Structures are given as structure tokens and as C-alpha cells.
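Just so you know, all these numbers are worked out from the coordinates, no wet-lab data involved. All values reported here derive from a predicted model rather than from experimental measurement. A quick note on method: Cβ atoms are made from the backbone with ideal geometry, for glycine too, and the neighbour counts reach across all protein chains shown.
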Amino acid sequence: MGNICRSPAGENIMRRVLEDAGLADRVACDSAGTIDFHRGKSPDPRMRRAAAEHGYTFEGRARPVTPMDLESFDLILAMDRENLADILALDSREMHREKVRLFASFCGNDAFPDEVPDPYYGGESGFHHVIKMVENGCAGVLEWVGDRLGERRV
């Protein structure tokens, strides 16, 4: 929503996954929020602390998603249904709906919910849960990317 918790987790973890897979130079990855409240801010300090405990350094600055993002990217992932609806509302001509999906649809573990919960108003454990869920989903996104690039990965 604000591009300071879940979305930066998705972007930064996916960047690592792409680097580890040797695809960082072939795949663009970015994050954005559906509200413009935190524009220019770094990821939430609690998310950065949790990320560091999992071996990640989270970088980036919050920005809002734009209609141009719908044209520029092959896949747009929303962390929950409310954000999914807000992103789809930017697609006034309904030309890009097939590329907008829920992030959790890429999670290969039934232990995770169908939406990535927002940890912003919860405790520290929520940030760790989001990181674990995003790691799981990024593996599924990598498989999707590999299929499109003709580089099937196991």
C-alpha cells in the first residue's frame, strides 16, 4: 500500500533471487505502493531490521504505482485484494488485467494465506512472517520468469 513494508520486501528479495539465478541483468524488478503517503521514504526500519536478521539489506525509496507501470512490466503483483483492486483501477482500458495478480498465488506452500498480511500495525513477528512468505513466493515468481525466458529452473 505505502511501499515501505511488503513491497520493498518483494523487490529486494526478488532481486537477490534473480542475482542468485544469474538473471539480474535480464529482469527488471521494482516496487511501488497504491497510496502516495510515503513517497521518497526508505523501507520501514522494522522491516529493515527483520530483513537484516534474514541476511538481506533492503534498499529503495517509496513511490506510487502508475499507469505506465502497467505498460512497462510483464507482471504486476499485489500483496492483498485491496491493493489488487487499486492497481486494476489504474487500467481504465482493461488492457493489462492478465498481468496483475496476487503475490501469494506464487507461494508454493499451503501454510501461507492467500494474501500477504500487512505487518505495519503488528509486532516484530509479523515482519519475519512476511519475509518468509515473500521468500516462498519469489521462488514461484522465479519459475514463472524462467518459463518466459526459456530457462526452466528446478
Residue under question is Ile87, and the condition is that it be touching a Leu at 6+ places or on another chain (Cβ under 8 Å), crowded, with 16+ Cβ neighbours inside 10 Å and hydrophobic (A, V, I, L, M, F, W, C); does it hold?
yes
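Identify all residues within region 103-125 that are over 16 Å from the mean Cα position of the chain (by Cα) and closer than 14 Å to Arg6 by Cα; write none if there are none.
Going through region 103-125, the residues over 16 Å from the mean Cα position of the chain (by Cα) turn out to be 109-111, 121-125.
Once the filter is applied, which keeps residues that are over 16 Å from the mean Cα position of the chain (by Cα) and closer than 14 Å to Arg6 by Cα, region 103-125 yields Tyr121, Gly122, Glu124, Ser125.
State whether one or more residues within region 46-62 are without any contact (Cβ under 8 Å) to a residue 24 or more places away in the chain and among the hydrophobic types (A, V, I, L, M, F, W, C). Please lay out each step first, then the result.
Within region 46-62, the subset without any contact (Cβ under 8 Å) to a residue 24 or more places away in the chain is 48, 52, 55, 61.
Imposing the further condition that a residue be among the hydrophobic types (A, V, I, L, M, F, W, C) reduces the set to 52.
Yes, because at least one residue in region 46-62 is without any contact (Cβ under 8 Å) to a residue 24 or more places away in the chain and among the hydrophobic types (A, V, I, L, M, F, W, C).
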In region 21-35, residue nearest to the chain's Cα centre (by Cα) [restricted to those that are in a loop (DSSP other than H, G, I, E, B) and closer than 15 Å to Arg6 by Cα]
Ser31
Please go through region 98-127 and pick out each residue that is crowded, with 17+ Cβ neighbours inside 10 Å and touching a residue at least 60 places away in the same chain (Cβ under 8 Å).
Phe103, Val116, Asp118, Pro119, Phe127
Can you tell me which residue in region 96-154 is farthest from His38 (Cα to Cα), limited to those that are among the β-branched types (Val, Ile, Thr) and in a helix (DSSP H, G or I)?
Val145
